[in-house]
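The next block holds one structure in the form of structure tokens; read it before the comments.
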Amino acid sequence: MLGRREFLRAGVAGLGGLGLADLLRLQDRAPAAARPRRDTACILVWLDGGPSHLDTYDLKPEVPSEFRGPFRPIPTRVPGLDICERLPRHAGLADKFTLIRSCTHTAADHAMGAQYMLSGRTSPGPNGLEPNKRFPDLGTIIKWTGPPGRHGLPNYVGVPRRHESAGPGYLGTAYEPFEVRANPNKPEFQVPNLGLPSSRIVRLHDRMALLREFDATRRDLDQRGLMQARDSYDQEAVRLLTGGRARKAFDLSRVDPRERDRYGRSYVGQNLLLARRLVEAGTSFVTMQMQSVGLPGGIGNWDIHAVNGHLYDDANARLPVFDKAVSALVDDIYQRGLDKKVMLIVAGEFGRTPRINPQKGTSSKVIQPGRDHYPGAMSVLVSGGGMETGQVIGQTTAKGVRPKERHLDPNDLLATVYQFLGIDYDAMIPDTSGRPVPLIPNGTPIRELL
């Protein structure tokens, strides 16, 4: 006898190899009941690998060259706020965001740092990589608390995916995001398998009715709720395919080319445009993992130790792409009246060492100057969310080594996001053994933003 997933796959095979259900994770347990929540949303631009705070948002022009690097600060629209010269578009709208310069933690490993930033905790074991022991991350909690996304959209989308070292952890794959696997080499950046002619939508509805009858008995026998969880994902697939608003949100071919140009025709720019369209249409949380696709050296993230190339060659290529895309998103949030509804967070897992590693090696094998992992100080950009903007929160020491004032833990940032989304950050959540533990172990919303 065919299993349910195989039956569904066979049932839609005649629809042009739809395959959408393959993009949706199967759940390990039934989803939590939806809870009422305010009409708000969050976009997380995740700078995987950890950017240097001293080369982006917290320059130190007066310190020796082995600390400051070659970039110079430029003034912004906010008096007294200077940022890197490679971010001129940021500078032109600095009154629409706030920089946090005093976020700090102790996890210098990529996996541990990502988990700390996204969940407020680190996981046990070597490098914290055991999926079943990880504490669920921000996106997972948003999906776990519900409700489903509005207008047929998923409430949690990864563009192109969530961070591999964070995720749903012990809550199970029920709380994975819907992953947008856009191909950066195709000009339209469309989500695959979402197009479906209207005549075939009717046939799909008929097939789903048949599936419901076919599964009635098996569902009664399911003791773990797994079938119910699968059903919810199949329903999500149908909503995406048959809901006009959902399909329009994902289809960038409908967007005015001039609007797409403002974000930049890059992997980063087009996916941030998609993120804005998703939250505008009804998705609660979108995480966009920035990758430098097409940049020199093929580096996939911000983990630049400059072993295989010069640190600032990469930054000179990367920062303009980042500048154009993020500034377009910030500007759109305000121009489109989303600044009360949508909160934007731009962050990675940590900063970079204040002292630049000296060049070393022989003429045949040279290790270029670079910066290493450094959680002692980092910068975070926040925008929208009805927050106070045009300010700097916190300050680092003269060489950017540690916070000098207003020490902030990642849990303070998480508490701020949860409060904005209407999630009780003091709530309890079951741990791996089912015992209640706090959603975040410490932290309170950042008062300067409220």
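Tell me the residue from SER363, SER383, SER379 that is under 20 Å from ASP313 (Cβ atoms) and either surrounded by 23 or more Cβ atoms within 10 Å (Cβ to Cβ) or at pLDDT below 95 (or both), please.
Numbers: SER383 fails: under 20 Å from ASP313 (Cβ atoms); SER379 fails: under 20 Å from ASP313 (Cβ atoms).
Matching residue, one of SER363, SER383, SER379: SER363.
Each row is one residue, and each column tells you yes or no for (1) among the charged types (D, E, K, R); (2) open to solvent by 10 Å² or more (accessible area, probe 1.4 Å); (3) closer than 27 Å to LYS340 by Cα.
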position: GLY394; (1), (2), (3): no, yes, yes
position: PRO410; (1), (2), (3): no, no, yes
position: ALA427; (1), (2), (3): no, yes, yes
position: ASP431; (1), (2), (3): yes, yes, no
position: VAL437; (1), (2), (3): no, yes, no
position: ILE446; (1), (2), (3): no, no, yes
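Looking across region 312-350, the residues that are charged (D, E, K, R) and either under 30 Å from GLY370 (Cα atoms) or part of a helix (DSSP H, G or I) (or both) come down to ASP313, ASP314, ARG318, ASP323, LYS324, ASP331, ASP332, GLU349.
Tallying residues that are among the charged types (D, E, K, R), farther than 13 Å from ARG352 by Cβ and open to solvent by less than 40 Å² (accessible area, probe 1.4 Å) within region 56-74 yields 0. For beta carbons closer than 8 Å, sequence separation of 6+ or different chains, a first residue in region 407-421 that is part of a helix (DSSP H, G or I) and modelled with pLDDT of 95 or more and a second that is open to solvent by 10 Å² or more (accessible area, probe 1.4 Å) and among the acidic types (Asp, Glu), the qualifying pairs are TYR418/ASP424. So is ARG239 among the charged types (D, E, K, R), part of a helix (DSSP H, G or I) and either modelled with pLDDT of 90 or more or open to solvent by less than 20 Å² (accessible area, probe 1.4 Å) (or both) or not? Considered against the rule, which asks whether it is among the charged types (D, E, K, R), part of a helix (DSSP H, G or I) and either modelled with pLDDT of 90 or more or open to solvent by less than 20 Å² (accessible area, probe 1.4 Å) (or both), ARG239 comes out as no.
Contact annotation: residue pairs with Cβ atoms under 7 Å, 6 or more positions apart or on different chains, pairing a residue in region 385-398 that is closer than 20 Å to ASP409 by Cβ and part of a loop (DSSP other than H, G, I, E, B) with a partner that is open to solvent by 40 Å² or more (accessible area, probe 1.4 Å) and not acidic (Asp, Glu), are GLY394/ARG406; THR397/LYS404. Within region 79-93, is even one residue under 30 Å from LYS404 (Cα atoms), touching a His at 6+ places or on another chain (Cβ under 8 Å) and at pLDDT below 95? No, the conditions are met nowhere in region 79-93.
Residues that are open to solvent by 10 Å² or more (accessible area, probe 1.4 Å), under 22 Å from PHE178 (Cα atoms) and either among the hydrophobic types (A, V, I, L, M, F, W, C) or touching a helix residue (DSSP H, G or I) at 6+ places or on another chain (Cβ under 6 Å) (or both) within region 256-275 comprise just one, SER266. Number of residues in region 43-55 that are assigned to a loop (DSSP other than H, G, I, E, B) and open to solvent by less than 10 Å² (accessible area, probe 1.4 Å): the value is 3.
When region 126-141 is filtered for residues that are crowded, with 24+ Cβ neighbours inside 10 Å and of a type in the set (A, V, I, L, M), the ones remaining, listed by number, are LEU138, ILE141.
The values are calculated or read from the model by the stated rules, or taken from the named source; none is laboratory data. Computed from a predicted model, the values in this text were never measured in an experiment. Glycine gets a Cβ as well: all are built from the backbone with ideal geometry, and neighbour counts include every protein chain shown. All accessible areas refer to the heavy atoms of the entire protein, side chains included, with ligands and DNA or RNA removed. Shrake-Rupley method; radii C 1.70, N 1.55, O 1.52, S 1.80 Å.
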